[in-house]
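Heads up, the thing below is written out as structure tokens.
The values are calculated or read from the model by the stated rules, or taken from the named source; none is laboratory data. What you are looking at is a predicted structure, and each value in this text was computed from that prediction instead of being measured. Cβ atoms come from the backbone with ideal geometry, glycine included; neighbour counts cover every protein chain shown.
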Amino acid sequence: MSSEIKVSSVKAKDGTAGISIADSTGNVSLSGTLSAGTIGSGVTLNASTRTLTSEVSLTGNPFVFTNDVPSNAKEIKIMIDGASTATSSSDMYIQLGTGSSASPNFKTSGYECTGGYLGSSGALEARNEGFLLKNNIGNADSSHNSICLTLYGGNKWFFSEQGHYSGTNSYMSFGQGYVSLSGQLTQIRITNNNSYNFDAGTAVIMFCV
């Protein structure tokens with residue numbers, strides 16, 4: 001003889017909700033933390049989706065990830081490997097944009113950012129034209145950076161960066177900041193303030209939704 005128990009929730013002895021079972025779907029949700037036990041191979045976890053792009057060359061200026069930003073992105077990670085410019089020295093930035101590939105609108109002012117470097121000497125610099133990755137990058141320098149952009153809410157994005165660059169000297173780089181956009185973030189570009197072409201370097205970008 002078969003039998004069944006129909007419940008919508010299972011509670012702890014003190015009445016605290018623990019397990020909820022939804023009608024029609026039978027989906028099970030936990031109000032607390034699963035601290036022990038084994039999750040079967042058939043269970044799907046509701047975790048953040050991460051999309052990693054293929055490695056791309058930075059040659060040319062500026063390099064743009066056009067319209068690649070998912071509308072539901074909450075965090076964006078960018079990794080730059082070996083960036084340098086062909087001519088003289090300039091400052092390297094991340095700039096954010098709205099609009100479409102046909103009509104891009106990159107924000108070129110209004111950033112609250114402090115970046116710096118530390119090695120045999122050190123300095124801090126405040127910038128508003130973009131998120132500073134490295135100051136005075138040139139053809140003798142090679143910059144390696146790990147960047148994180150996090151959505152605070154609305155269209156406000158927080159920025160953090162750490163990296164290393166070498167050439168004439170070796171330094172650690174770092175930066176923090178934020179910016180508010182006029183609309184949804186759709187584009188990201190890596191650029192420099194003198195419009196010099198990058199002659200080396202690659203990058204990958206990861207979107208977390």
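The set of residues in segment 108-125 being touching a Ser or Thr at 6+ places or on another chain (Cβ under 8 Å), of a type outside the set (Phe, Trp, Tyr) and under 22 Å from LYS77 (Cα atoms) consists of GLY110, GLY115, GLY116. Identify the residue in segment 172-209 that is of a type in the set (Val, Ile, Thr) and assigned to a strand (DSSP E or B) and, among all such residues, is nearest to ARG127 (Cα to Cα). This residue is VAL179. Listed by first and then second residue, the pairs linking a residue in segment 37-60 that is closer than 14 Å to THR202 by Cα and at pLDDT 80 or above to a residue that is among the hydroxyl-bearing types (Ser, Thr, Tyr) and not in a loop (DSSP other than H, G, I, E, B), with Cβ atoms under 8 Å apart and 6 or more places separating them unless they lie on different chains, are GLU55/THR202; VAL56/THR202; SER57/THR202; LEU58/THR202.
In this entry, ASP68 is excluded by the filter for residues that are among the acidic types (Asp, Glu) and within 19 Å of SER170 (Cα to Cα).
In this structure, ALA140 qualifies as touching a Ser or Thr at 6+ places or on another chain (Cβ under 6 Å), among the hydrophobic types (A, V, I, L, M, F, W, C) and at pLDDT below 95. Of GLY167, GLY163, which residue is of a type in the set (Gly, Ala, Ser) and more than 24 Å from THR53 (Cα to Cα)? It is GLY167.
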